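Each remark here refers to the structure printed beneath this line.
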Amino acid sequence: MIKPKPTQSESPFGFDELFFSTTDERGVIRFGNDVFIRVSGYPKEVLKGAPHSIIRHPDMPRAVFKLLWDTLHAGSPIAAYVKNMSANGNYYWVFAFVFPIEDGYISIRQKPSSALFAAAQALYPLALEVEEKEGMEGSIPFLLDQIKKSGFNSYTDFMIQAAFAELNAFQEKSKGYIHAETKGALKEITEISFEASEELKDCFLRIQEFQKSNQAFSATMEDLTKGFQHLKFIALNMTVAAAKFGELASSLGVIAKEFSDLSEQIRSHLSGLVDFVELLANVIQKCALKIVALDSQMLMVDFFIKESIQKIKTSQNAFGDMIENRTHFSRLFRSYAKDLELEITGLEKDLQGVLSQMEDVKKFTTGLEVIRQIGAVESARVNEVRQVFIHYLEEMQKFISLLQASNSNIHREVEKLQHDCSLIKSSASSMAGFVDTIFDLASKYSNHETPAELRSP
């Protein structure tokens with residue numbers, strides 16, 4: 001097939017429209033819904049069996065597709081802004097979310113409109129220039145470097161934020177479409193999908209709150225690290241001073257060592273929190289990705305089923321396509337909901353471990369206070385000794401106060417995380433069967449049970 005020549009015209013579709021296609025593992029198209037067929041400009045018979053590259057636009061850097069396929073082959077989903085070309089050479093931009101399925105892939109697309117879309121439009125020509133000079137060996141690092149310079153930790157971080165922005169934009173722009181149907185099973189379908197999207201939005205916002213807690217953990221550990229470093233000098237200076245006083249302050253040298261040794265035990269317990277900060281960052285990213293993926297899937301199912309129901313007016317087999325794709329969507333949604341629940345369950349266990357560690361730190365801190373008080377009593381015996389050691393004892397008190405405040409802060413953040421974990425896990429569990437419920441409701445509209453509002457006049 002001869003590729004069309006690109007034009008400067010756009011192949012239009014609405015902000016309230018979604019489309020998807022399924023392919024085999026090589027990217028050969030198996031199915032595309034009505035919007036995809038219309039926007040691409042190719043007949044259904046031509047698209048089926050054609051490589052997905054049939055709609056590739058020459059303005060797209062190959063690096064984007066290399067990144068896409070590498071991620072999919074690793075078994076992970078990926079989202080990207082893509083400029084496509086229709087059969088007549090017209091272009092159309094999409095935000096595509098692609099998921100591995102049992103024996104291939106499913107790609108869900110929408111019309112992009114967020115601020116990140118504008119950034120992608122500006123970046124791709126630059127990447128293409130690099131690619132023409134240096135190949136993909138140069139354009140892939142260039143793309144990833146530009147994304148990091150824009151404030152994102154990684155491409156995954158960028159695509160999660162882009163997906164959330166585009167999904168929000170779709171829901172805002174398509175409110176009229178989503179709420180247009182108000183009768184029978186259509187109303188029930190809308191209510192279920194709307195409920196799921198609202199729950200997922202709430203879950204995503206809670207996951208963003210997780211990031212604030214993680215930043216609080218990091219800040220607390222940074223303060224504690226400085227406190228431990230300062231304490232080393234205090235303990236050392238206190239030991240040296242005790243040696244100068246000889247027998248008069250020998251007990252204070254012992255106290256300085258005990259204080260230092262117990263502080264090291266506390267440091268050892270708190271080292272686990274450093275590992276937890278990294279673990280939590282990883283969980284945040286995984287959960288955020290699953291949440292935006294679930295939202296994208298739910299909205300696509302809602303749109304696809306209503307698209308199928310509308311065909312009752314003109315088709316005797318309105319649900320053939322819907323039945324054909326039900327298994328893909330059902331398994332995909334259940335899998336992501338279950339994975340989200342498992343991630344949160346694992347995090348809950350880790351949070352309980354953090355609380356246990358902090359209880360130990362609290363006990364050790366009490367031990368430090370006892371040692372400090374003994375030091376205060378010992379130093380008070382001789383006024384000359386007291387004048388020298390009062391500063392060290394005050395610094396010990398500051399360190400103990402830092403530990404107490406840090407313990408309180410960590411405990412508070414953990415409790416917030418536990419509360420949000422419980423809510424997210426409950427949402428994931430309750431939503432797992434939503435897609436199946438929607439398909440079951442749609443099955444009420446068989447050719448023999450066409451609702452009055454959809455019957456042809």
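The values are calculated or read from the model by the stated rules, or taken from the named source; none is laboratory data. Note that the structure is a prediction, hence the values are computed from the model and not measured. Note that we place each Cβ from the backbone using ideal geometry, even for glycine, and neighbour counts take in every protein chain shown. Keep in mind that these areas ignore ligands, DNA and RNA; they rest on the heavy atoms of the full protein, side chains included. Shrake-Rupley method; radii C 1.70, N 1.55, O 1.52, S 1.80 Å.
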Exercise for the section: Roll a 1.4 angstrom probe over the protein heavy atoms and tell me the percent of accessible area of region 256-298 that is carbon or sulfur. Expected result: 51 percent
Fill in the blank from the handout: The rounded separation in angstrom of the Cα centers of region 323-365 and region 246-261 is 47 Å
Problem - Under-24-angstrom lysine pairs by C-alpha in region 157-284, whenever the two are 8 or more apart or on separate chains - result: 13
Problem - Portion, in percent, of the accessible area of region 23-158 that falls on carbon or sulfur, probe 1.4 Å - result: 54 percent
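Give me the percent of the accessible area of region 356-439 that comes from carbon and sulfur atoms, probe 1.4 Å, all protein chains in place. Write out the running numbers ahead of the final one.
Working: 2060 of 4030 Å².
That share works out to 51 percent.
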Fill in the blank from the handout: Taking Cα pairs closer than 8 Å and at least 6 residues apart, the relative contact order of region 40-168 in percent is 23 percent
Exercise for the section: Could you list the square roots of 5 times each eigenvalue of the Cα gyration tensor of region 276-435, that is, the equivalent ellipsoid semi-axes, sorted largest first and rounded to whole Å? Expected result: 62, 12, 9
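With a 1.4 Å probe and all protein chains left in place, how much accessible area per residue does the chain have, in Å²? Mind showing how you got there, number by number?
Numbers: 21170 Å² over 457 residues.
Result: 46 Å² of accessible area for each residue.
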Problem - Estimated 222 nm signal from helices in the chain, with DSSP H stretches of n ≥ 4 weighted -39500 (n - 2.57), rounded to 500 - result: -25000 deg cm²/dmol
Practice task
Report the GluC sites (Glu not before Pro) located in region 81-161 that are in a DSSP loop and have at most 11 other Cβ atoms inside 10 Å of their Cβ, or state none.
Solution key: Glu102
Practice task
Starting from the Cα gyration tensor of the chain, take the square roots of the eigenvalues, sort them a ≥ b ≥ c, and report rounded, prolate or oblate (rounded when a/c is under 1.5, otherwise prolate if a/b is larger than b/c, else oblate).
Solution key: prolate
Problem - Prolate/oblate/rounded label for region 1-114 (Cα gyration tensor, a/c 1.5) - result: rounded
Problem - GluC sites (Glu not before Pro) restricted to DSSP loop in region 195-236 with at most 13 other C-beta within 10 Å - result: none
Handout entry: Residues listed by number, region 108-150, amide nitrogen under 17 Å from Ser53 label point at 7 Å toward C-beta
Key = 132, 135-137
Handout entry: Shape of region 46-174, Cα gyration tensor, a/c cut at 1.5
Key = rounded
